[in-house]
Amino acid sequence: MTENTIIKLNKKIVQNEGSPVRLYQQVLKKIDNIEDSLNAFVTITPKEGLAQARESEKRAKEGKLKSKLDGIPVGIKDVFCTRHIRTTASSKMLDDFTPAYDATVVKKLKDAGIAIVGKNNCDAWAHGASTENSDYGVTKNPWDLTRVSGGSSGGSAAAVAAEECIFSIGSDTGGSIRQPAAFCGVVGLKPTYGRVSRYGLIAMGSSLDCVGPITNTTEDAALVMETIAGRDEKDATTVEIEVPKYTEKIQNSIRGKKIGWVKEFFQMGVDKDITEAIEKAKKIFEILGAKFVEVELPYAKYGIPTYYIIQTAEVSSNLGRYDGIKYGFNAKNSDNLIEHYFKSRDEGFGAEAKRRIMLGTFVLSAGYYDAYYNKAMKVRTLIKKDFNKALDKVDVILSPVTPTTAFKIGEKSQDPLQMYLADVFTASINLAGNPSLSLPCGFDKNRLPIGMQIIGKHFDEESVLNFGYQYEKATEKEIWRQYKPVTS
Amino acid sequence: MDKYDIVIGLEIHAQLRTESKMFCTCDNYSVGAGPNKNTCPICLGMPGMLPVPNKKAIEWTYLLGMALGAKVAEKFCFERKNYFYPDLPKAYQITSSTMPPIIGGSVEIDDNDVLKKIRINHVHLEEDAGKLIHPKIGEYSLVDLNRAGTPLLEIVTEPDLRSPREARIFVQDLRSILRYLGISDANMEQGNLRCDANISLKPQGQKELGTKVEVKNMNSFKMIERALEHEVKRQEEILSENKKIVQETRGWDDAKGKTLGQRSKEEANDYRYFPEPDIPSIEPNKDNSIDLKEIKNWLPELPKEKRIRFETEYSLSKQDADNLTSDLDLARYFEQTLAEIPQVAGNDEIKKQKAKKLANWLITELLAKLNGQGISILDCKIKHQNFAVLIEKIDSGKISGKIAKEIFSEMFVSGRGVEEIIKEKGLSLISDEKEIETIIRAVISENTASVQDYKSGKEKAFGYLVGQVMAKTKGQANPQIVNKLLKEFLDKE
């Protein structure tokens, strides 16, 4: 396991053994060495980051560190607005867009003293499961450079796995934190909808978008959550529920606790290696004293179609503002307003954004609304009830994150439907709003990371982190924990 | 020509005068601000920005609902109305017509003593768009987003109105209610009260409604009545020729005095409404942040209640009470001035007498001046106390009606006190009988012919002689004393 965890680095900084400036320079050196082949960033910000690291160093010397995150180099997915730093959503549409404001999550991290490394690559507008939809090129998988890093937060997961930053902030609308985390062998948490502010996150599916950390360990995820979670007056969907001291709570034993097991999940075309790895994890949880209970999620199989109706509906509306009038890409030589709209949006958006705008426009149109959007909203309620019912019986549910490990670049990019199915185990959880932690649980025969997810009750991030941390501790000595990406 | 029934329903937009905009903290008052100065990333629709609803705007929506006797919906949802236009920065307007906050309610209008209840279908809350400016020179348009995000109430009536006149009266009454509640400036000329009408005709007695036409761009009460009268005529002509009305939107062109077609039903947008995911639905009976009981306490005396009280408490005619209460500020001015007249307290009879006099002065003199100069009662320079003194001086015969008007004019311009003006202009009334006797003697000796006329029974001559006395004193002689003494003198001769 890497030495580059926030917890360990913070200890060194506190004891003045580690210097934030030196740490930041190490990260920059790593980027110098591998970024050309990895492509995990759209924008790198050494000037801003070094200045922040120097401030941290000053505070460290004076013993006035702001938090455990003070001086830690961080990547931010390029869908989060960063004040005076270009923010593109990995789309040509926003190639020259520099916000005048920080997303709440960025502001909270800045207040905690982080040093920003740059803006992580992702699928344009977070549409995708491979970063192949980025207008700035694909982010490769640090374990095999011919494979995708997953998506949409592929740049974030790859950068953390390759140690180009210590942690990153991603967004998860249908699996965009958990799937790339699984593909890259790192930890990703999708918190409960409403747990972390979306203010300043370039919206994809507003009722589904969740903001969360991508880290090397569960403990780090717990630590970052302590900083970024909580009610934000600028996001009306955030909830006033106290944020626990996750780093303390995860130390609790899971003895006697119950884990839900969904049999059908493993009959949905999951790779043999993945099934075996998760069954092994099951045994470890049992050794730790947890009990497995079979639960059913009968409506989960409608997750993908339901998700692709609601999400595209919201996308079609959320992307309306990119119209070539106020900011962003602006087509030249239009004869009139309508032509200007058509040209700006035609030239500025890529194929996937257009596909989703068209799908979403269709499902909301008069005459189709009831058959599609309205019906999907009803199924969504059923899926939500499914999860609530199952989680009434157990503390968490254990599930695969993805049916396969990281696929080859180009393997699915010509077949949108295959790409959409990469979200089969993740999207229904966004529909239900529950928190879910994706963490490594082994490797397949090609030595590609395998992830599993631990799904919890609404606002019970504490439990998913607790189970994840106890599993991590119990498997510390496993041989696969020694494996290193090809970028190291 | 056949006889037709007119059916009109209205959609009225009223901007709320909250301090901040509907979904951001920008100042809601942009008068005098340069273009796009009163904006922020949220109302500019920048990437990643989220709307946070203005609590006051929601509370005021409920307040209007209570004033209309409507039902507060158990649950209301903001939703998105999607369309592209440069004055709409997000490419969707946040509105709430599908699950509105207020359902039902009514306004009772009074058309020449005929009372009629006009039902409200619903009231919903939404945001206003920005403005486009099309310069006369140059092939471009400019966008000003200062108005974007201003809270807007849309009040939708049932098709209960039966004439353009009723429609105009309804909007006037609704404006009074909005102003009494203090939630909107509700000024049509300034665009913070806007009215669209759906109007159709059907043969008298027929049940089914005819094809409706939506009329827009009526920017004053007069325009509402004129535009709808024109539209009635236009539709009558079409129907009487056995032609069909086209369902369309027509704009009122005030200069041309007619409505012009804007777009037909086929060209109408599909707005792709869906629930706004960025704002949780609002359930006022469950949601702790909305206190309906507290809001009910905010309900003031409404225009109709005040008018009825003025009629009983001050014995005013319905017409006078209506005139005074049509404008809350005028009603306040009236009551505050009346309270400054000393004998009023504790004596109902005197209060009623003085109220009648004051009402006359306010309605005939003050309103004429205010309206003539386009000034609001709030900007009237005459202090309540000074107006009270003026009324007192007239009542006690210390000044004549003519002088009172002169003093009033001066007060209106300068806002100075009554005594000050009387002193400066030498306007105090001559009540000294000896002084008046001297003048009467002079007038009698100079007008022997008229004196003869009077004696031979011509009553008119008396009036002429009074006029001569008044002329000699420049109107300052106390007319009652002049009358009395002149009669004595003439009868003596």
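The values are calculated or read from the model by the stated rules, or taken from the named source; none is laboratory data. These numbers were taken from a predicted model, which means no experiment stands behind them. Cβ coordinates were reconstructed from backbone atoms using ideal geometry, including for glycine residues, and neighbour counts include every protein chain displayed.
Taken over segment B:345-397, residues that are within 20 Å of B:Glu419 (Cβ to Cβ) and at pLDDT below 90 amount to 6. Every condition in (1) in contact with a Ser or Thr (Cβ under 7 Å, 6 or more places away or on another chain); (2) assigned to a loop (DSSP other than H, G, I, E, B); (3) within 14 Å of chain A (Cβ to nearest Cβ) holds for B:Thr25 except the one numbered (1).
On the basis of being within 24 Å of B:Glu305 (Cβ to Cβ), of a type in the set (A, V, I, L, M) and touching a residue at least 40 places away in the same chain (Cβ under 8 Å), does B:Leu328 make the cut? It is true that B:Leu328 is within 24 Å of B:Glu305 (Cβ to Cβ), of a type in the set (A, V, I, L, M) and touching a residue at least 40 places away in the same chain (Cβ under 8 Å).
Sub-8 Å Cβ pairs linking a first residue in segment A:254-268 that is on the phi > 0 side of the Ramachandran plot to a second residue that is not β-branched (Val, Ile, Thr), at least 6 apart or interchain, are A:Gly256/A:Gly289; A:Gly256/A:Ala290; A:Gly256/A:Lys291, ordered by first then second residue. Among the residues of segment A:22-38, some residue qualifies, meaning at least one is assigned to a helix (DSSP H, G or I), surrounded by 19 or more Cβ atoms within 10 Å (Cβ to Cβ), touching a residue at least 60 places away in the same chain (Cβ under 8 Å) and aromatic (Phe, Trp, Tyr).
Looking only at segment B:77-87, residues that are under 18 Å from B:Glu283 (Cα atoms) and either more than 13 Å from chain A (Cβ to nearest Cβ) or not in a loop (DSSP other than H, G, I, E, B) (or both) come to 1 in all.
In segment B:272-281, the condition of being outside the structural domain of B:Gly210 (by TED's automatic domain parsing), farther than 30 Å from B:Ala227 by Cβ and among the hydroxyl-bearing types (Ser, Thr, Tyr) is met by no residue.
Residue-by-condition table, conditions (1) buried (at least 19 other Cβ atoms within 10 Å of the Cβ); (2) more than 14 Å from chain B (Cβ to nearest Cβ); (3) part of a loop (DSSP other than H, G, I, E, B):
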position: A:Gly194; (1), (2), (3): yes, no, yes
position: A:Ile214; (1), (2), (3): yes, yes, no
position: A:Val239; (1), (2), (3): no, no, yes
position: A:Ile254; (1), (2), (3): yes, yes, yes
position: A:Gly260; (1), (2), (3): yes, yes, no
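Here A:Ile85 clears all of (1) of a type in the set (Val, Ile, Thr); (2) at pLDDT 95 or above; (3) under 19 Å from A:Ala161 (Cα atoms) except the condition numbered (3).
The numbered conditions (1) part of a loop (DSSP other than H, G, I, E, B); (2) on the phi < 0 side of the Ramachandran plot; (3) within 23 Å of the chain's Cα centre (by Cα); (4) not hydroxyl-bearing (Ser, Thr, Tyr) are all true for B:Ala186 except (2). How many residues does segment B:332-341 hold that are free of Cβ contacts under 8 Å to residues at least 40 places away in the same chain and more than 17 Å from B:Ile375 (Cβ to Cβ)? Within segment B:332-341, residues that are free of Cβ contacts under 8 Å to residues at least 40 places away in the same chain and more than 17 Å from B:Ile375 (Cβ to Cβ) number 1. No other residue among B:Ile407, B:Ile439, B:Ile422 is touching a Leu at 6+ places or on another chain (Cβ under 8 Å) and crowded, with 17+ Cβ neighbours inside 10 Å apart from B:Ile407. Only residues that are among the aromatic types (Phe, Trp, Tyr) and more than 14 Å from chain A (Cβ to nearest Cβ) were counted across segment B:252-283, and they come to 1. State yes or no: is B:Lys37 in the same structural domain as B:Gln172 (by TED's automatic domain parsing), of a type outside the set (A, V, I, L, M, F, W, C) and surrounded by 17 or more Cβ atoms within 10 Å (Cβ to Cβ)? No, not satisfied. Among residues that are surrounded by fewer than 12 Cβ atoms within 10 Å (Cβ to Cβ) and at pLDDT below 85, B:Asp432 is not included. Taking the conditions exactly as written (within 20 Å of the chain's Cα centre (by Cα), closer than 16 Å to A:Ile455 by Cα and among the hydroxyl-bearing types (Ser, Thr, Tyr)), does A:Thr218 satisfy them or not? Against the criterion (within 20 Å of the chain's Cα centre (by Cα), closer than 16 Å to A:Ile455 by Cα and among the hydroxyl-bearing types (Ser, Thr, Tyr)), A:Thr218 qualifies.
Is one or more of the residues making up segment B:309-316 surrounded by fewer than 19 Cβ atoms within 10 Å (Cβ to Cβ), in contact with an Asp or Glu (Cβ under 8 Å, 6 or more places away or on another chain) and among the basic types (Lys, Arg)? Give the steps one after another, and end with the answer.
The first filter runs over segment B:309-316 and keeps only residues surrounded by fewer than 19 Cβ atoms within 10 Å (Cβ to Cβ), leaving B:309, B:311-313, B:315.
Next cut, in contact with an Asp or Glu (Cβ under 8 Å, 6 or more places away or on another chain) only: B:309.
Retained after the next criterion (residues that are among the basic types (Lys, Arg)): B:309.
Checking segment B:309-316: at least one residue is surrounded by fewer than 19 Cβ atoms within 10 Å (Cβ to Cβ), in contact with an Asp or Glu (Cβ under 8 Å, 6 or more places away or on another chain) and among the basic types (Lys, Arg).
On the stretch given as segment A:322-360, residues that are within 29 Å of B:His134 (Cβ to Cβ), in a helix (DSSP H, G or I) and at the interface with chain B (Cβ under 9 Å from one of its Cβ atoms) total 3. The lone criterion from (1) touching a Pro at 6+ places or on another chain (Cβ under 9 Å); (2) surrounded by fewer than 22 Cβ atoms within 10 Å (Cβ to Cβ); (3) within 14 Å of chain A (Cβ to nearest Cβ); (4) assigned to a loop (DSSP other than H, G, I, E, B) left unmet by B:Glu74 is number (3).
Table: residues versus (1) without any contact (Cβ under 8 Å) to a residue 24 or more places away in the chain; (2) within 14 Å of another protein chain (Cβ to nearest Cβ); (3) on the phi > 0 side of the Ramachandran plot.
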{"residue": "B:Lys55", "(1), (2), (3)": "no, yes, no"}
{"residue": "B:Trp60", "(1), (2), (3)": "no, no, no"}
{"residue": "B:Gly65", "(1), (2), (3)": "no, no, no"}
{"residue": "B:Pro89", "(1), (2), (3)": "no, yes, no"}
{"residue": "B:Thr95", "(1), (2), (3)": "no, yes, no"}
{"residue": "B:Ser106", "(1), (2), (3)": "no, no, no"}
{"residue": "B:Ile109", "(1), (2), (3)": "no, no, no"}
{"residue": "B:Leu115", "(1), (2), (3)": "yes, no, no"}
{"residue": "B:Arg119", "(1), (2), (3)": "no, no, no"}
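Just for segment B:360-394: of the residues that are in contact (Cβ under 8 Å) with a residue 40 or more places away in the chain and part of a loop (DSSP other than H, G, I, E, B), which one is surrounded by the most Cβ atoms within 10 Å (Cβ to Cβ)? Once the filter is applied, the top-ranked residue is B:Cys380. For residues in segment A:433-460 being within 15 Å of the chain's Cα centre (by Cα) and farther than 16 Å from A:Ala181 by Cα, which is surrounded by the fewest Cβ atoms within 10 Å (Cβ to Cβ)? Per the criteria, the residue is A:Gly433. Among the residues of segment B:452-460, is there at least one that is touching a residue at least 60 places away in the same chain (Cβ under 8 Å), part of a loop (DSSP other than H, G, I, E, B) and under 49 Å from the mean Cα position of the chain (by Cα)? No, there is no match, as no residue in segment B:452-460 is touching a residue at least 60 places away in the same chain (Cβ under 8 Å), part of a loop (DSSP other than H, G, I, E, B) and under 49 Å from the mean Cα position of the chain (by Cα).
For (1) within 18 Å of the chain's Cα centre (by Cα); (2) among the small types (Gly, Ala, Ser); (3) surrounded by fewer than 15 Cβ atoms within 10 Å (Cβ to Cβ), each residue gets a yes or a no:
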| residue | (1), (2), (3) |
| --- | --- |
| B:Ser176 | yes, yes, no |
| B:Lys244 | no, no, yes |
| B:Thr259 | no, no, no |
| B:Gln262 | no, no, yes |
| B:Glu267 | no, no, yes |
